[in-house]
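Read the structure below first, then the notes.
Just so you know, all these numbers are worked out from the coordinates, no wet-lab data involved. Since this is a predicted model, take the numbers as computed values, not measurements. Note: ideal-geometry Cβ built from the backbone for every residue, glycine included; neighbour counts use all protein chains shown.
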Amino acid sequence: MSRADRAKQFAPFDALKGLHDALRVKEYEHERVVKGESSEEKATELSKILINFEKDDEMSVKFYKDGHELILIGKPELDIDNRIILINKTSINLDDILDIQIRKKG
């Protein structure tokens, strides 16, 4: 038997190949939450926050994306015409925002 053939018998063997990836996908799907309806009061509150926002301020945005609630912190770019906020190169639709907190600079 050649050295290469002998070495193959000691190669790692994963009897459950793909199981770890399948479990990660299942776990991600299991953690999904249903997006609730936003109240008129909450929409008004978020609008007031966006109106009072100053360009040097940092923003913490809690939003809904792909079945999950996420939080991003950074200096946002507002695009009111397209109804999005861009933070750290991530586009957030205004309709998906759950909460905003402003961190005043200076």
Students often forget the sequence filter, so: which lysines lie under 22 Å Cα-Cα from LYS35 once same-chain residues fewer than 8 apart are removed? LYS26, LYS62, LYS65
On a 0 to 90° scale, report how tilted helix 19-30 is relative to the longest principal axis of the chain, with both axes built from alpha carbons and the result rounded to the nearest 10. 20
Per-pair calculated FRET efficiency, R0 = 22 Å: ASN82 and SER47 via Cβ, rounded to 0.05: 0.85
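Hey, got a sec? Which GluC sites (Glu not before Pro) in region 50-106 land in a DSSP loop and have at most 11 other Cβ atoms within 10 Å? Mind dumping the intermediate values first?
Working: sites: GLU54, GLU58, GLU69, GLU77; in loops: GLU54.
Sparse-neighbourhood loop GluC sites (Glu not before Pro): GLU54.
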On a 0 to 90° scale, report how tilted helix 40-51 is relative to the longest principal axis of the chain, with both axes built from alpha carbons and the result rounded to the nearest 10. 80
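In what order do LYS35, LYS17 fall by count of nearby beta-carbon atoms within 10 Å, going from fewest to most?
Details: LYS35 15, LYS17 8.
So the residues, fewest neighbours to most, are LYS17, LYS35.
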Sorted peptide list for 94-100, 81-87, 42-48, criterion being average Cβ within 10 angstrom, highest first: 94-100, 81-87, 42-48
Just checking my list [x] 18, 16, 13; [y] 47, 18, 10; [z] 42, 17, 13 against semi-axes √(5λ) of the Cα gyration tensor in Å computed from this structure; which label fits? [y]
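Pull out the extension gain between LEU98 and ALA7, defined as 0.36 nm times the separation in residues minus the alpha carbon to alpha carbon distance; nm, one decimal. Before the final figure, lay out each step's value.
Details: separation 91, 0.36 × 91 = 32.76 nm, distance 5.64 nm.
Gain on stretching LEU98 to ALA7: 27.1 nm.
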Longest site-free stretch - the chain; sites: chymotrypsin sites (Phe, Trp or Tyr not before Pro), DSSP loop, at most 12 other Cβ within 10 Å: 14-106
